[in-house]
Amino acid sequence: MNGESLPPAKMARIRAEIEKQRTERERLAEETHRAKAAEAKRYLANLAPAGKNNPYLARKKVRPCAGLLVDGGALIVPVLNPDDNRPMSYQRIDLGGGKKFMAGGRMKGGFFQIRGDDGPLCIVEGIATGLSVHEATGATVLCGFSAGNLEAVAKLARNRYRERRIIVCADDDTKEDAP
């Protein structure tokens, strides 16, 4: 179009179509997330609690807490919905430590809580870090599962626990070569 602009009426139609498509994508994603949350809830209801002999927990030298589950040797960590604390997905940690989330499950803002005392509230990435922090401090810990989710979990924590001190315990994932 050699730098020419579209007529305003045509631009309005294009914007309206883009908005319609965005709204439909969001509706379909929410529908999928609701269905996956129901699927996760059914799956988690049939699992046994994790014991201290779980291979992943034993390798990380941490003890299990309430809410951790097992499927065979795999550790299953429920991902709780920030709106109602009900499972919306889960993380599966296999015998080799490989981590996968439920396909199609919602993760954004999701967390796992390790209940502790009423002191500072700690926010961490993964479950092993969370269990280590809890064992060392006795603190309540919220696991956000990834660095990209820490901010959402921190905002949730601030909204729910206005009077508590919050400590974000981010992983040091730098891999600098030794000299």
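Just so you know, all these numbers are worked out from the coordinates, no wet-lab data involved. All of these numbers come straight from a predicted model, not from anything done at the bench. Neighbour counts run over all protein chains shown; Cβ positions are idealised from the backbone, glycine included.
What to note about this one:
- Scanning the range 97-153 for residues that are loosely packed, with under 13 Cβ neighbours inside 10 Å and in contact with a Phe, Trp or Tyr (Cβ under 9 Å, 6 or more places away or on another chain) returns a single hit, Gly97.
- Residue in the range 27-44 that is closer than 20 Å to Thr129 by Cβ and either of a type in the set (D, E, K, R) or surrounded by 12 or more Cβ atoms within 10 Å (Cβ to Cβ) (or both) present: no
- Residues of the range 7-57 that turn out to be over 27 Å from Gly105 (Cβ atoms), part of a helix (DSSP H, G or I) and not charged (D, E, K, R), as a count: 7
- Near pairs, Cβ below 8 angstrom, 6+ apart or cross-chain, from the range 125-143 (over 20 Å from Pro82 (Cβ atoms)) to any residue that is in a helix (DSSP H, G or I): Ala128/Tyr56; Ala128/Leu57; Ala128/Lys60; Leu131/Leu57; Leu131/Lys60; Ser132/Lys60
- Evaluation of Asn54 against the conditions (1) over 17 Å from Gly144 (Cα atoms); (2) surrounded by fewer than 20 Cβ atoms within 10 Å (Cβ to Cβ) shows that the sole unmet condition is (2).
- Verdict on Leu156 being hydrophobic (A, V, I, L, M, F, W, C), within 16 Å of Asp83 (Cα to Cα) and surrounded by fewer than 21 Cβ atoms within 10 Å (Cβ to Cβ): yes
- Residue in the range 133-141 that is among the polar types (S, T, N, Q), within 17 Å of Cys65 (Cβ to Cβ), out of contact with any helix residue (DSSP H, G or I) (no Cβ under 7 Å at 6 or more places or on another chain) and outside any loop (DSSP other than H, G, I, E, B) present: yes
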